[in-house]
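K.L.:
The structure is given below, and queries will be raised subsequently.
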Amino acid sequence: GEARSLASSALPTQFGAGAATRRAALDRAVVFRPSISHGAVQTRAVSNSKKAKKARAKASKSRGGGTGGSGRSRYGPDGARRGPVETGASGAPPKPVREDLDMAELRIDSLLNELVDGGEQMSNRAKFRALPVDNAIMRKITEQNLCTTASQAGRESRKFRNKGEETKITKRYALYGALTTETKALLGHAGGNKTGTKFMYAATNEASLPTDSESIPEVAFAGRSNVGKSSLINAVTLSSAARSSDVPGKTQSLNFYDVSRRLRVVDMPGYGFAFANDDVVTDWNRLMDKYLTGRKSLKRVYVVVDARHGLKKPDREMLAFLSKYGGVSYAVVLNKTDLVKPADLARRAFLIKEELRAAKRARAEVWMASTSTGAGVAEFGAELLSLAAECAPGEGGKVDRAAASAAAAAAA
């Protein structure tokens, strides 16, 4: 009542015409609510608009507050229940292994000083500008149009449409490269309207992981929050199976996607900042550590990095973790290349290659792609899809008969 009287006294005189008018104006006005802090009464402005109420409800939900919903979960009737977690000596759950790594060896200063003459007296930004531009990397950037902006790619798309050469692929990704017949069949684009990539599982704890079958290889995508992992998965598989969002922390589970029963692509939660409860972030980081170190069917890990910023501390933690504890090879993918100048992109790729030169199980190739224009995606996808099994489980006989028929036709 006191807050409403304060607000009413603050209203202009023209709102005193009628009760309905005053009530509507009060809803739009700023309400002063007293709050006690250090023994003194303070006032803070709280807006009653629909937009402000929605923002407060969203902030409360991100802090772990209740929403008053029914508690349903997309992971099934027991999805909201957490499985048993291992505890440390003090009784608390152990921290993710990545948090215990010694970061002293992951500093980039010493590497830049080695690559740039007189770098000791320069800032890191100046050292980066002084890096050489590798001709081979620059040639690849030019050939694949990696730094072509989205607006320029749109003009290319209109050219395809005006010539009558537009396809489903170029309509979505103007600069997508050519696909082989085998790749089209694997992705479900050889004919018909069905895509070969489908959502399978969302694992929130170790018990909810799908069966670890070595007959179906798995490829995992890791990276900082909002770096474009889900969008890259959709671009490589030419599907819309992976859920992408501009909100950091949208992916909060290990999402498994099946590609024609011959390959599984795993979208992992982003590390770094996320709009999620701290306990939830710790849980999914612990699950990621267990998956990356104990999964038999895992064949490759791709660490997706924003091409505008290069490797950050969380990225180096992940790479050091994969080098020390991981049992499979891994590679770096620079995404969002359409937002970077060619020379800077070449320097970024060169610097990452130098950082990974002495790392265990790191692949020498640094992939570059843009999920906005499609540039470089087909080349990266060819390497990723080469890890797929030759045939789906139980279809080996069909493949042998088809190969024999093709050989007989060729001999005739």
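The values are calculated or read from the model by the stated rules, or taken from the named source; none is laboratory data. As the structure is a prediction and not an experimental result, all values here were calculated from the model. Don't worry about glycine lacking a Cβ; one is built from the backbone with ideal geometry, like all the others, and counts go over all protein chains shown. Quick note on the areas: whole protein, heavy atoms, side chains included, nothing else; ligands and nucleic acids left out. Shrake-Rupley method; radii C 1.70, N 1.55, O 1.52, S 1.80 Å.
K.L.:
Quick one: accessible area per residue over segment 141-209, 1.4 Å probe, rounded to a whole number of Å²?
P.N.:
With all protein chains present, segment 141-209 gives 65 Å² per residue.
K.L.:
Distance from a point 7 Å along Cα→Cβ of residue 386 to each backbone N in segment 216-236: keep the residues under 19 Å and list them by number.
P.N.:
Under cut-off, by backbone N: 217-221, 236.
K.L.:
Would you grab the residues whose amide H sits under 5 Å from the one on residue 365? Only those 5+ places off in sequence or on another chain, please, with H modelled 1.01 Å from N.
P.N.:
Amide H neighbours of residue 365: none.
K.L.:
Still on this structure, please answer the following. Provide the gained length on full extension for the span residue 190 to residue 165, in nm with one decimal, where the gain is 0.36 nm per separating residue minus the Cα-Cα distance.
P.N.:
7.2 nm
K.L.:
Same structure again: What order do you get for 123-132, 296-305, 364-373, 158-167 when each peptide is scored by the mean count of other beta carbon atoms within 10 Å, highest first?
P.N.:
Output ranking for 123-132, 296-305, 364-373, 158-167: 364-373, 296-305, 123-132, 158-167.
K.L.:
Go through 140/163; 198/229; 163/336; 312/336; 127/336; 140/312 and tell me which ones have a Cα-Cα distance over 19 Å in this structure.
P.N.:
With Cα atoms farther than 19 Å apart: 140/163; 163/336; 127/336; 140/312.
K.L.:
Could you point to the residue in 384, 367, 349 farthest towards the positive end of segment 339-390's charge dipole, with +1 and -1 charges on the Cβ of Lys/Arg and Asp/Glu respectively?
P.N.:
Toward the positive end, the furthest listed residue is 349.
K.L.:
Taking amide H positions as placed 1.01 Å from N in the peptide plane, with prolines and chain starts having none, which residues 5 or more places from residue 222, or on another chain, fall under 5 Å of its amide H?
P.N.:
Close amide H contacts, sequence-distant or interchain: 302, 303, 304.
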